[in-house]
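Everything on this sheet refers to the single structure shown next.
Where a number appears in this text, it was derived from the coordinates with a stated rule and is not lab data. Note that this is a predicted model, so its numbers are computed, not measured. Note that each Cβ is placed from the backbone with ideal geometry, even for glycine, and that neighbours are counted across all protein chains shown.
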Amino acid sequence: MTDTPPTLHTGPTHRLDTAKLLTARMHAVKVRPYLADALFALHVVEDWAVPTMAVDMHWRCYVSPGFVDRTPVEELAGVWVHEVCHLLRDHHGRSQRYAAEHGEHGPGERLRHNIAADFEINDDIYGDGLPQPTDAIVPSLMGLPEGLLMEQYLNRASLSDLARDLAWLECGSGADGHQRPWELGPDGANGLTRQQRDAVRFRVAEGINGRPGTAPDGWRRWAQRVFHQPQPWRHLLGAAVRSAVGTAGGSQNHSYRRPSRRAAGVPKVVLPRLVRQPPKVCVVIDTSGSVSDTELGIALVEVAAISRAVGGRRGSVSVISCDAAAGVAAPLCQEEDIELIGGGGTDLRSGFARAMSSRPRPEVVVALTDGHTPWPATQPPCKTVVGLFRRPVPAVDEDNPHYYQPDPPPPWARVVTIGLVLRTLQHRQPRVIGVEAFDMLQQPGFSGVAQHRR
Amino acid sequence: MNSISVSIPDLPTDEPTPLAIADDLLSLLKTSTTEPRSDEQLEALSIAVAADLPVLLWGEPGIGKTAVLTQLAASLELPLTTVIASVHEPSDFSGLPIVGDDPEQRGVPMAPPRWAVELVKAGRGLLFLDELSTATPAVQAALLRVVLERRVGALRLPPDVRIVAAANPRASAADGWDLTPPLANRFVHLHWAHDQEVVVRGLGGVWPRAELPSLDRERLPEAVSFARRAICGFLTVRPKLIHQLPGAETQRGRAWPSPRSWEAAMTLLAFATAARVSRDVLALLIRGVVGDGAGIELLAHLDRMELPDPESLLADPTAAHLPVRGDLRRAALEAMVSAVQSRPTRQRWEAAWVVLAQALETSAADLLVTPATALAELRHEDWEVPDTIEQLSEVVSITQRASQSVRTMGASR
């Protein structure tokens, strides 16, 4: 018997070139100073089982010594930034949510997620001091546009042809949420807890927001949104309309104004009765040239659906199309009946005036607009919901005599921003909004939206 | 007279009836064991309930909120009263108006429902108001009075009654109800999600048994002073966050910072400290009471509070105890260097080099580049370079090589 177990020397004989690896991290910090906190929060684990470099969701960075040896410093710096991007952009969490939602699991699926996550990262991190590696996975390999989110790439393409060629691709569970055999797992040493991970991401975002001049646009957008996740506008618009309807007149509610039928059984007790008052909603639609047909179609479908959901009957929702002057108010019976007349400039004030003068007077006015309009000076005597189509904010240019910044909607209105595509980094159900609405637009009645506009 | 005849089949007495066999099968299915498992959501809930703050659980229907409340009640040794809000009328919570013989003289009393009377009689209990969001607005209004003022009709709930409410997120709520800002500000909002592993294991017969945190009596004064120091220190540097009404539509119905919710945050911080719960549990509570943005900032502030004090590092450099994590370690070293910068003496400058040399032994060399460079720039002409700097030669070489490779890239662009 021997005192020590026999050791197998299957591994390589040399160790990780730590100095080279750290020089590369320093290079990355010098060219991307706003990522310094995140880069330094990574804990390096030397591991021959990893093909190249990989991260796990606990912010450990697994490094293959051989890979470090054969890769130039500046390319290694790019790999550092690439890997930390997976973590900052929460690819593991988003990937898990995507898999849970679509019910897709397995090694092939894991690889697809890794590819899509790499697409999201690689289209904007290279250049400016970081060379793009020759074998970097970019969306153009699949003929896909740049600048989409991981979820959108997953939705758009099967990626499976690419996956066959990229079986070696491996960014670790930090990229796709699937744990690998070599990873140390949640109980291993030097991992970051969820709170610590949030704290690092928060500090990076804070650094970028504090000095926005130093970071490129993509990172600035990330920093602004990472802890302010937008919600789907459909839910927001629905909630706003329902709550406006609910407090004005009420849809279905208990009321003591009428005695309950149960009251007959308990003679001395006063019981309330469920009463139902269908809301009267008026939708003012901005039909000026700056609002696209698609946007209008989607918004109309939404409002019609919401008003049905809150218990509106035939004729309880009316629509006013409005550009510089308000068109006629027509009761809305079916979506197909909506005719929109307009084009040109906008003055929603005439739309509001028109809505207020219609009989019966609406309890709720929903205005759908891109916001390039003057607003009524005083609050109209009803609840107001504004659905605002998102427009890119132009850079402030004071020398430009045509520069014009629209007034924000007044404070008495509940404002919901409507966007066609959700560009969010943390959203629970990433998807392209409006697909159903596009389908509805294909139907015969809906072509009216397009035909009646100049 | 009507009579109902029931025919009972003649079964052999020693044979069990079909229903009895079905009962046996059902009882076998219901037999399950438990295993200890840490559950952050449950820990956060029990801290908030112990701190006697109104809790609002947001969760999809059918994910086991009731089961969790049952367990919580058992471990707190409180009887559980569950009231499903959506099947009640407002009068069940605000009291039933009963018209007596002489209402003008005697007034109309608001009679409380039976569950409330029994709860008051018992003197203690856990009241769980489920399905808040699917009740009609009038019922919700009445219920919120129960939660916030602890009144049911004319009855006042005793202090030992703890209240938890549950609501469906508005995305799945039938009528899209959301809280007004003043109401949202009074709750600890906890998001309840199911854990796939727990569900699968539970259906397999083993449910988790969470060990609820218990307060450490010895730590109470320390916990209070820590909580006060943390919140006051934070709000001194971030006065803007003392009161910030939710502006955007997306933040409606969620937690937001105000003096009221900061007080609740301080209470929760003290409870969490006394119970020694993890930072993750604390994060759920703090973000649930002052909102995500302000909550994350406070937690980042707590992290910074735990960094070693630069002055004590300089006073006793050989005993320096630095954080393990790279980014925190670098922050601590940078704070030390800026302390030297604010009052540069030779002794402090040399002490800082000792700390840096020690840090190198246990951390990646590139962490030290920025602090070492900044410290080197602070040198007065007559200060000799300390011997310890030789140990930092690796740092110097990394700096040079990194600058070199950045220059190469810049040239090739």
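Considering all projection directions equally, how large on average is the shadow of the alpha-carbon convex hull of chain B, in square nanometres?
Spelled out: convex hull of the Cα atoms, projected over all directions, averaged, 37.5 nm².
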Averaged over all viewing directions, the convex hull of the alpha carbons in the range A:68-150 casts a projected area in nm² of 6.2
Taking Rh as the Kirkwood radius, which is the inverse of the mean 1/r over Cα pairs, what is the Rg/Rh value for the range B:310-412?
0.99
At 222 nm, what value in deg cm²/dmol follows for chain B if DSSP H runs of at least 4 each add -39500 (n - 2.57) and the sum is divided by all its residues, to the nearest 500?
-15500 deg cm²/dmol
Once the piece of chain linking B:K30 and B:I63 is laid out straight, how much longer is it, given 0.36 nm per residue of separation minus the C-alpha distance between them?
10.1 nm
Once both label points are put 7 Å beyond Cα along the C-beta direction, the B:E211-B:S225 separation in nm becomes 2.9
Please rank B:H321, B:H301, A:H92, fewest neighbouring Cβ atoms within 10 Å first, as an exposure proxy.
B:H321, B:H301, A:H92
Computed P(r) (all Cα pairs; the range A:18-198; 10 Å bins; percent):
10, 40, 39, 12, 0
What residues qualify as long-range amide H neighbours of A:V284, i.e. H under 5 Å apart, gap of 5 or more or another chain, H built at 1.01 Å from N?
A:I320, A:V366, A:A367, A:L368
Expressed in angstrom and ordered largest first, the alpha-carbon extents of the range B:320-375 along the principal axes are 28, 19, 16
Residues A:W182, A:W222, B:W353, sorted so that the one with the fewest Cβ neighbours within 10 Å comes first:
A:W182, A:W222, B:W353
If the only charges are +1 at each Lys and Arg Cβ and -1 at each Asp and Glu Cβ, what is the size of the charge dipole of the range B:217-306 around the Cα centre, to the nearest 20 debye?
140
Work from the charge dipole of the range A:18-198 (Cβ charges, +1 for Lys and Arg, -1 for Asp and Glu, about the Cα centre) and give the residue of A:A54, A:L42, A:A99 farthest towards its positive end.
A:L42
Which value results when the Cα radius of gyration for the range B:217-306 is divided by 2.2 N^0.38 Å?
1.05
Diffing the range B:61-71: the Karplus 3J(HN,Hα) column from phi (6.51, -1.76, 1.60, θ = phi - 60°), in whole Hz with x for Gly and Pro, holds x, x, 10, x, 5, 5, 4, 5, 5, 4, 5
Once both label points are put 7 Å beyond Cα along the C-beta direction, the B:D309-B:H243 separation in nm becomes 3.4
Search the structure for amide H atoms under 5 Å from the amide H of B:V188, placed 1.01 Å from N in the peptide plane, and list their residues when 5 or more places away or on another chain.
B:V55, B:L56
Counting other C-beta atoms within 10 Å, which of B:E197, B:E381, A:E101, B:E43 has the fewest, and how do the rest follow?
B:E381, B:E197, A:E101, B:E43
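Relative to the Cα centre, what is the charge dipole magnitude of the range A:18-198, using +1 at the beta carbon of each Lys and Arg, -1 at the beta carbon of each Asp and Glu, and rounding to the nearest 20 debye? Walk me through the intermediate numbers first.
Numbers: 16 positive and 27 negative charges, 58 e Å.
With Lys and Arg at +1 and Asp and Glu at -1, about 280 debye.
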Under a crude label model (7 Å from the Cα following the beta-carbon direction), how far is A:Y256 from B:S38 in nanometres?
5.2
State the three equivalent ellipsoid semi-axes of the range B:237-379, derived from the C-alpha gyration tensor as the square roots of 5 times its eigenvalues, in descending order and whole Å.
37, 16, 14
